[in-house]
There are 2 protein chains.
Amino acid sequence: MTVKRPKPIRSGKGRVDLDAAIYAEISRAILHGQLQAGTKLPEHKLAELFDVSRERIRKVLHRLAAERRLEVIPNRGTFVPRPSGDDVRVIYQAHRVFEAGIIELLVRTMDDSIMARLDAHLAAERDAARRGDRAESVRLSGAFHLLLVDALGNSELSRFSRELLSRSSVMVSVYEPAQSSVCAVDEHGALVDALRQRDLTQALALSREHYDHIEQRLKLDQAVPRHQDFAAVFRPVAVTERRSRSR
Amino acid sequence: MTVKRPKPIRSGKGRVDLDAAIYAEISRAILHGQLQAGTKLPEHKLAELFDVSRERIRKVLHRLAAERRLEVIPNRGTFVPRPSGDDVRVIYQAHRVFEAGIIELLVRTMDDSIMARLDAHLAAERDAARRGDRAESVRLSGAFHLLLVDALGNSELSRFSRELLSRSSVMVSVYEPAQSSVCAVDEHGALVDALRQRDLTQALALSREHYDHIEQRLKLDQAVPRHQDFAAVFRPVAVTERRSRSR
DNA sequence: CACATCAATAATGTGCACATTTATTCTTTG
DNA sequence: CAAAGAATAAATGTGCACATTATTGATGTG
């Protein structure tokens, strides 16, 4: 009955957005390859960074772990997964199988509006490549495959595609040599051409070979992951309210 | 040396298994269609049922929600999802797209050992159908599609396949009339035949039509979900230790 | 000096108390 | 009597204290 605690901040509604914002921020950092594989994400440090309680961070980290974006080792902590050679094989095979299914449907159901979006995206990719903007090229290269699946308008397929892309992004940042481009724009262009002609066999082959190329390149050099100061890669989350700083 | 820790009573290792056991038990109940759509799963009741703390239940429920197996409505509770007609469309399209990709790879990489397992499974399905064991038929029918994806030996693909199956299981238990069989064994047999002959076009068509049939049948009758006493469907989880009953 | 042991420290895991929100019942009033 | 509102009850959300486990560093021993 007696109030022991100083008055807590009210309005529990903003908290949901807070969870989502932190989740999105960490996801973004992983997807953009800003978090090196093997990096530990200590709950206390993250709580301080985002200025929230540790339990809130815990919840987000465990959710990311359930989606295989992070790895929780009991009593040890949460880490950015350090993909093994076998992980690379599994993820890229999943990419190939998955995109094969997408292409099989796209070839049958595609319309002009989808093709227009793909063409526009190819133009953006070529532009980034011409400017030599590697970060943007990497981002657009992944976005190309998301564009394919999003064209189907199926939230389940889009969600799984994003999980896969999130995992392969870490692999790229680990293994990929810095100077090479991730996805050759030409290969994306050829795939779009095959789709336009509704050539299933050709489109399947191109997609398969495309992922083969990426996987092959990854396995060429085995970079050694270093330790990392992760604090610099996170951007402040936009929240309506902050946690009280009572200590 | 003085004993600093007076009570090394419980090992922390059992807790992980406990989480997994509860997670598996709720997952099983959903997959087997024992939990009616719309059923609320109150944290306090579940905690009492499994004889664990409420926070432990919360963690499991939120994990299941992250996988879309359950639905958490903030400040309201956790529910077995009540799929809309649009959800049915999305899930079964995902099934079709996904299995198309699997088939495209299976046709190229399948070997005798895989075919033998598929044949054995078909025999089991026919046997269950002959015996009129509907529950077993439903279970085997779902297991058939898992067998296809598991044949690829890819954990990512298997995981996603199970998530999809979990969601469609709820839909079947909601919409499906009790007397009809879920998957015609004949359709599974025809698909296996096409795989054996490595006939990609035929296998793709059969798989697609198969899911079309299931989805079509679901939409025929719109059953009204009733409330349910969920306690009866859970089996006790096998744990090495129980929580103290101090009250 | 290498190595094992053990204390000290830091990080993760968990139950609990309490706040907050939602649902229900009861009361009041036009 | 019905409907609105207030009081009550019940369920979910959250921060915190403390237990447990891992890591680090110190220390002694062969």
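Each reported figure results from applying straightforward, stated rules to the coordinates on display, with no laboratory input. Not measured: the values here are computed from a predicted model. Neighbour counts are summed over all protein chains in view; Cβ atoms, including those assigned to glycine, are modelled from backbone coordinates with ideal geometry.
So, R0 is 41 Å and r is the distance between the beta-carbons of residue A:113 and residue B:111; what FRET efficiency does that work out to, to 0.05?
0.45
If you average the alpha carbon positions of the stretch A:82-121 and of the stretch B:98-166, how far apart do those two centres end up, in angstrom?
23 Å
Would you mind giving the mean number of other chain beta-carbons within 10 Å of the Cβ of each residue in A:53-59, as a whole number?
Numbers: counts 0, 0, 1, 0, 0, 1, 3.
Mean shielding count: 1.
With a point put 7 Å past each Cα toward its Cβ, work out how far residue A:127 is from residue B:199 in nm, to one decimal.
With each label placed 7 Å out from Cα toward Cβ, I get 4.9 nm.
Give the nm distances, rounded to one decimal, from residue B:216 to the matching residue in every other copy, measuring between label points 7 Å along Cα toward the beta carbon; shortest first.
Distances to the matching label points in the other copies: 4.4 nm.
If we hang a label 7 Å off Cα along the beta carbon direction at residue B:130, how far is it from the matching labels on the other copies, in nm, shortest first?
So the label point of residue B:130 gives 6.9 nm to the other copies.
Would you calculate the separation in nanometres between label points at residue B:159 and residue A:143, each defined as 7 Å from the Cα along the Cα-to-beta-carbon direction?
Rounded to a tenth, the inter-label distance reads 2.7 nm.
Work from the charge dipole of the stretch B:75-223 (Cβ charges, +1 for Lys and Arg, -1 for Asp and Glu, about the Cα centre) and give the residue of B:81, B:189, B:158 farthest towards its positive end.
The one lying farthest along the dipole's positive direction is B:81.
What average count of beta carbons from other chains do you get within 10 Å of the Cβ of residues in A:98-108?
Values: counts 8, 2, 8, 13, 4, 4, 9, 6, 1, 0, 1.
Taking all residues of A:98-108 together, the mean is 5.
Quick one: what are the phi-derived ³J(HN,Hα) couplings along the stretch B:135-146, Karplus 6.51/-1.76/1.60 with θ = phi - 60°, whole Hz, x for glycine and proline?
4, 5, 4, 4, 4, 5, 4, x, 4, 4, 5, 5
Can you list the copy-to-copy distances for residue A:186, using a point 7 angstrom from Cα toward Cβ, in nanometres, shortest first?
5.2
How shielded is A:117-128 by partner chains, expressed as the average number of their Cβ atoms within 10 Å of its Cβ atoms?
Details: counts 0, 0, 0, 0, 0, 0, 0, 0, 0, 0, 0, 0.
That works out to 0 on average.
Sort the following peptides by mean Cβ neighbour count (other Cβ atoms within 10 Å, averaged over residues), highest first: B:127-133, A:67-73, A:163-169.
Top to bottom by mean Cβ count within 10 Å: A:163-169, A:67-73, B:127-133.
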